[in-house]
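Below: one structure, written as structure tokens.
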Amino acid sequence: MSDDQRRVHNRLAVLRTERGLSRKQLADKLGINYQTIGYIERGDYNPSLELALTIAQLFRLPVEAIFSLKPMTPLSEEIFGEPPAGA
Amino acid sequence: MLGTGDIDVNTPITSQVEYLPRSRRRLLVAIALVGYPLAAALLAGLKHTGLNRWLILAIFLVLLLPTVATLLLGYRYARGRIDGRRGRLDERDLALRQQAYALSHRVLAVVLVAATAITEIYLASGNTLRFDANTFWPVTTWVIIYIPALPSLMLTWIETDQPADV
């Protein structure tokens, strides 16, 4: 990702692991190179709108639940409204 | 449109080149870029010595070897993403290819401007420029080697380290 490009935060790694998918399996479902998944997860590559929407469709989630301009908070905190114990 | 990469992550890595860290890749690119001009300059210098012609040729070829090796590594790293031989490039590959071409263009522009400026200074100092086989072949070889290789080398230069396979 170039330095002047704004970072888009995402929960792709969490969602992928939750669904028991490897990068290769997710990449095959999306029709992209498996390395691209790794770059997106690491925040080194911002996906196109088309790819972001395809990912959201695949996980059956709104796109803003996966991608955000602000750092992602833990899902448990978002669901229950409190930081997890010990945090 | 989006395409699937054809590298199987479950098989052992066929080429360690793909997983070279960026710092090492950049070193290889630097060797590829300066190797041939250095070898050609040394060849020009050695021609004026009393060394045996075959020995000069041998020294030149030995010096050329790292350039050839690093150029091949650059091609291997780009693995068909520059010339489109990989067939299905995804959006990140296409964006990266575009960046590599843009950077190649900038590098080429800098080289041309620098070469023109040096020639201008050389001529303005009262020297004359002879365009014979001794100058024609190094320049032609440089053009033949580097212009096609530059986008692959730039892609090798700019791509960030690959994420570890999970």
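The values are calculated or read from the model by the stated rules, or taken from the named source; none is laboratory data. As the structure is a computational prediction, the values presented were derived from the model and not from experiment. Counting neighbours? That spans all protein chains shown, and the Cβs are built from the backbone with ideal geometry, glycine included. Protein only, heavy atoms only, side chains kept; ligands, DNA and RNA dropped before computing areas. Shrake-Rupley method; radii C 1.70, N 1.55, O 1.52, S 1.80 Å.
Looking at segment B:20-42, which of its residues are touching a residue at least 40 places away in the same chain (Cβ under 8 Å) and surrounded by 13 or more Cβ atoms within 10 Å (Cβ to Cβ)?
Within segment B:20-42, the first condition is being touching a residue at least 40 places away in the same chain (Cβ under 8 Å), and the residues that meet it are B:20-22, B:25-26, B:28-29, B:32-33, B:36-37, B:40.
Passing the criteria: B:20, B:22, B:25, B:26, B:28, B:29, B:32, B:33, B:36, B:37, B:40.
From A:7, A:16, grab the single residue that is open to solvent by 30 Å² or more (accessible area, probe 1.4 Å), under 26 Å from residue B:18 (Cα atoms) and either more than 7 Å from every other protein chain (Cβ to nearest Cβ) or not in a helix (DSSP H, G or I) (or both). Walk me through it before giving the result.
Values: A:16 fails: open to solvent by 30 Å² or more (accessible area, probe 1.4 Å).
Answer to the check: A:7.
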Is at least one residue of segment B:61-74 closer than 25 Å to residue A:52 by Cα and in contact (Cβ under 8 Å) with a residue 60 or more places away in the chain?
no
Restricting attention to segment B:106-122, does a residue exist that is more than 12 Å from the chain's Cα centre (by Cα), at pLDDT below 90 and acidic (Asp, Glu)?
no
I'd like the full set of residues that are open to solvent by 10 Å² or more (accessible area, probe 1.4 Å), assigned to a helix (DSSP H, G or I) and over 21 Å from residue B:87 (Cα atoms), limited to segment A:24-50.
A:41, A:42, A:49
Go through the residues of segment B:51-60 one by one and say whether even a single one is under 20 Å from the mean Cα position of the chain (by Cα) and at pLDDT below 90.
yes
Kindly evaluate residue B:87 against the criterion of being in a loop (DSSP other than H, G, I, E, B) and within 14 Å of chain A (Cβ to nearest Cβ).
yes
